[in-house]
Amino acid sequence: MKDFRKMQVWHKGHKLALEIYKLTAKFPKEELYGLSSQIRRAAVSIPTNIAEGCGRGSTKELKQFLRISMGSASEVEYQILLSYELHYMNRDTYDNLICDIQEIKKMLSSYIVKIN
């Protein structure tokens, strides 16, 4: 069992989830049960699955949950693009979020390779 709070990728995922919550609070109200909800769930899924994988008893299970986190990260990456193209955020916000999500994906990928 590993302490997820000691993992830098978990911290970055947690920070991203907080940023997504702040951003989506400004989305149009008609998106409350649509894109706002979807992107929030996907963003929270990244650090949540890292934490769950760390709480499991085996490396195999940890890898499985890291892969789920990777899938959620890709989902968020697309939803950030969609949000930008719907004009729900400015270019600077978009660039910063894309940079953050791509860094998280690289870290997840490296960690998965490392524990293989």
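The values are calculated or read from the model by the stated rules, or taken from the named source; none is laboratory data. This structure is a prediction, so every number in the text was calculated from the model and none was measured. Neighbour counts run over all protein chains shown; Cβ positions are idealised from the backbone, glycine included. Just so you know, the surface numbers come from the protein's heavy atoms only, side chains and all, with ligands and any DNA or RNA stripped out. Shrake-Rupley method; radii C 1.70, N 1.55, O 1.52, S 1.80 Å.
Could you tell me which of the residues ILE20, ILE39, ILE50, ILE46 is open to solvent by less than 20 Å² (accessible area, probe 1.4 Å) and in contact with a Lys or Arg (Cβ under 7 Å, 6 or more places away or on another chain)? Step through it out loud before you land on a result.
Values: ILE39 fails: in contact with a Lys or Arg (Cβ under 7 Å, 6 or more places away or on another chain); ILE50 fails: in contact with a Lys or Arg (Cβ under 7 Å, 6 or more places away or on another chain); ILE46 fails: in contact with a Lys or Arg (Cβ under 7 Å, 6 or more places away or on another chain).
Of the residues listed, the single one that is open to solvent by less than 20 Å² (accessible area, probe 1.4 Å) and in contact with a Lys or Arg (Cβ under 7 Å, 6 or more places away or on another chain) is ILE20.
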Against the conditions (1) farther than 20 Å from SER37 by Cβ; (2) surrounded by fewer than 19 Cβ atoms within 10 Å (Cβ to Cβ), where does LEU66 fall short? Just the number, please. (2)
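I'd like to verify a number: residues in the range 69-93 that are crowded, with 20+ Cβ neighbours inside 10 Å and more than 18 Å from the chain's Cα centre (by Cα), how many?
The initial filter retains those residues of the range 69-93 that are crowded, with 20+ Cβ neighbours inside 10 Å, namely 69, 72-73, 76, 79-80, 83, 88.
Next, only the ones that are more than 18 Å from the chain's Cα centre (by Cα) stay: 88.
Of the residues in the range 69-93, 1 are crowded, with 20+ Cβ neighbours inside 10 Å and more than 18 Å from the chain's Cα centre (by Cα).
Criterion first (among the basic types (Lys, Arg), over 13 Å from LEU16 (Cβ atoms), surrounded by fewer than 22 Cβ atoms within 10 Å (Cβ to Cβ) and touching a helix residue (DSSP H, G or I) at 6+ places or on another chain (Cβ under 7 Å)) does ARG56 satisfy it? Quick ask: steps written out before the conclusion?
Values: among the basic types (Lys, Arg): yes; over 13 Å from LEU16 (Cβ atoms): yes; surrounded by fewer than 22 Cβ atoms within 10 Å (Cβ to Cβ): yes; touching a helix residue (DSSP H, G or I) at 6+ places or on another chain (Cβ under 7 Å): yes.
Spelling it out, ARG56 is indeed among the basic types (Lys, Arg), over 13 Å from LEU16 (Cβ atoms), surrounded by fewer than 22 Cβ atoms within 10 Å (Cβ to Cβ) and touching a helix residue (DSSP H, G or I) at 6+ places or on another chain (Cβ under 7 Å).
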Pairs, please: C-beta under 7 Å, at least 6 apart or cross-chain, first residue β-branched (Val, Ile, Thr) and in the range 1-19, second in a helix (DSSP H, G or I)? VAL9/ILE50; VAL9/ILE104; VAL9/MET107; VAL9/LEU108; VAL9/TYR111
Complete set of residues in the range 1-17 that are under 10 Å from the mean Cα position of the chain (by Cα) and either surrounded by fewer than 16 Cβ atoms within 10 Å (Cβ to Cβ) or over 30 Å from SER58 (Cβ atoms) (or both): LYS15
